[in-house]
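Novice: This is the structure I have questions about; it appears just below.
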Amino acid sequence: MIQNDRPPILKVVLYLLFLILVYVIETANMPFSVFGFHIDLLPCIPAAVALMEGPVIGGVFGLLTGMLYDVGFIGVDGLFPLYYMLFGIAAGALSMRFLRRMFPSMLLLNTCGMLIIGLFRYGFSVLLFEGAPFPLAFQSMCGEILVSVALSPVVYLPVRTIARKFDRML
């Protein structure tokens, strides 16, 4: 998609509804974990949307994802919207320039994004307030990334379907 073209409003609304659905499922009172690692699929959404739509829409969905993180999870106030917005813009710019619109590209974007946010979380909260050792925090971080990567087709396939359906219409 050329960045000057505006995406159809229905396409953006479907992405937004999918983001809200994933957020509601993640914040439900049911424990979602695999082998003791928390399942976190929200970072997959800005990566997938940025891959399909580019930096502008990727940045918007990064900002929305970060706002949902601040609403539903404990963290440094205001850091998540800023981080995810910058991540969405960078992921969209990289995808427009260097990556193809396929699943391995989304995996690369998602893994890098989750690693960076994990290091921010460690630096700003775990290290400062709890003094946890880095190897233990890194083990947990890598476990969460692996679980997210294994389950990321749950996010990628609906986003790709929405993007392809509207691309065919144009």
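Novice: Between Arg97 and Leu119, how many nm apart are label points set 7 Å from Cα along the C-beta direction?
Specialist: For Arg97 paired with Leu119, the spin-label model returns 1.9 nm.
Novice: Of all the accessible heavy-atom surface of the chain, with the other protein chains kept in place and a 1.4 Å probe, what percent is carbon and sulfur? Mind showing how you got there, number by number?
Specialist: Numbers: 6840 of 9350 Å².
On the chain, the fraction of accessible area on carbon and sulfur atoms equals 73 percent.
Novice: Can you give the relative contact order of the chain as a percent, counting alpha carbon pairs under 8 Å and 6+ residues apart? Mind showing how you got there, number by number?
Specialist: On the way: 206 pairs, mean separation 46.6, N = 170.
The normalised contact order for the chain reaches 27 percent.
Novice: By how many nm would the segment from Asn29 to Met169 lengthen if fully extended, with 0.36 nm per residue of separation less the alpha-carbon distance? Write out the running numbers ahead of the final one.
Specialist: Values: separation 140, 0.36 × 140 = 50.40 nm, distance 3.93 nm.
In short, 46.5 nm is gained.
Novice: Turning to a different aspect of this structure: Run lengths n ≥ 4 of DSSP H only: what is the helix-derived mean residue ellipticity at 222 nm for the chain, with -39500 (n - 2.57) per run over all residues, to the nearest 500? Kindly include the intermediate steps, with their values, before the conclusion.
Specialist: On the way: 7 runs with 120 residues, N = 170.
Value at 222 nm, helices only, nearest 500: -23500 deg cm²/dmol.
Novice: Okay, next question. Suppose every Lys and Arg Cβ carries +1 and every Asp and Glu Cβ carries -1, with no other charges. What dipole size does the chain come out with about its Cα centre, to the nearest 20 debye?
Specialist: On the way: 10 positive and 9 negative charges, 158 e Å.
Dipole of the chain, to the nearest 20 debye: 760 debye.
Novice: Under 17 Å from a point 7 Å along the Cα-to-Cβ line of Ile20: which residues of region 131-170 have their amide N that close?
Specialist: Backbone N within reach: none found.
Novice: Let me ask another. Calculate the spin-label point distance for Ile9 paired with Leu82, positioning each point 7 Å from the Cα along the beta-carbon direction, and give it in nanometres.
Specialist: Reported label-point gap for Leu82 and Ile9 is 3.3 nm.
The values are calculated or read from the model by the stated rules, or taken from the named source; none is laboratory data. Given the structure is predicted, the values throughout are model-derived calculations rather than measurements. Every residue, glycine among them, receives a Cβ derived from its backbone with ideal geometry; neighbour counts consider all protein chains shown. Please note that ligands, DNA and RNA were not included when accessible areas were found on the heavy atoms of the full protein model with its side chains. Shrake-Rupley method; radii C 1.70, N 1.55, O 1.52, S 1.80 Å.
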